[in-house]
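What follows draws every value from the coordinates through simple rules; no lab data is involved. Please read these numbers as outputs of a predicted model, since none were measured by experiment. Here the Cβ is made from the backbone with ideal geometry for all residues, glycine too, and neighbour counts use every protein chain on show.
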Amino acid sequence: MIVRSATLADMNTCLSLDHSSITNHVWQMKVNETEARIEVTFDTVRLPRSMRTGYPRDLDEVVEHWQRGEAFLVAEVDGEIRGYVDLLINPWQQIGQVFNLAVHREYRQRGIGASLMRHASEWARKQGAVTVMAEATTKNYPALCFYQRLGFQFCGFNDHRYPSQDIALFFVHNLR
């Protein structure tokens with residue numbers, strides 16, 4: 001596998017990847033609010049059947065991020081693009097933020113996503129970032145497990161981030 005910067009010629013392949021996920025679990029948010037306290041918890045809930053979840057972002061954003069010329073990396077296996085990661089630096093917070101990550105459905109769980117994240121994290125560290133932040137919806141249980149396996153820790157949520165009204169969960173990984 002070769003991980004390299006994406007070219008314009010790679011963009012059609014990146015956009016054509018299946019960005020959806022299939023899950024048997026979700027993180028269900030519960031809010032308990034009193035006058036003196038707000039308590040938010042997330043419970044892993046098993047679904048009665050598998051569910052396919054769509055990608056919460058507009059893919060036009062992928063092209064815009066590539067045009068910025070930051071860390072837009074592709075994983076090439078046997079001359080074919082099998083995945084990509086799109087990471088932008090927020091210099092004043094010293095954070096590299098993963099905005100998009102996709103791996104060809106047939107090649108998932110083969111280390112491609114992990115390799116992309118390692119390369120993106122190393123790039124972010126060289127740019128002065130001290131942490132990398134990634135996000136996924138409560139419905140994308142495979143991504144939630146993936147980030148935790150890589151050592152990312154839950155750090156917050158935003159229930160108004162996506163037009164679909166899905167809840168975004170944020171995870172961070174320290175680079176030091």
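Structure values in brief
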read-out	value
Beta bridges by DSSP in region 2-174, antiparallel share as percent, to the nearest 5	95
Per-residue ³J(HN,Hα) for region 117-127, Karplus 6.51 cos²θ - 1.76 cosθ + 1.60, θ = phi - 60°, Hz, x for Gly and Pro	5, 4, 5, 5, 5, 5, 4, 4, 4, 5, 8
Contour excess over end-to-end distance, with Cα ends at R4 and H160 and 0.36 nm allotted per residue	52.8 nm
Percentage relative contact order, region 2-174, counting C-alpha pairs under 8 Å, at least six apart	21
Cα→Cβ-extended label distance, 7 Å offset, between R68 and R37, nm	3.9
Cα gyration tensor shape for region 18-94, rounded if a/c is under 1.5, else prolate or oblate	oblate
Label-zone membership for region 124-148, site Q28, 7 angstrom Cα→C-beta point, backbone N under 17 Å	138-141
Restricting region 81-176 to chymotrypsin sites (Phe, Trp or Tyr not before Pro) in coil, as DSSP defines it, with at most 11 other Cβ within 10 Å	W92
Rounded to the nearest 20 debye, dipole of the chain from Cβ charges on Lys, Arg, Asp, Glu	580
Taking T137, T44, T34, T131 and counting other C-beta atoms within 10 Å, the order from fewest to most	T34, T44, T131, T137
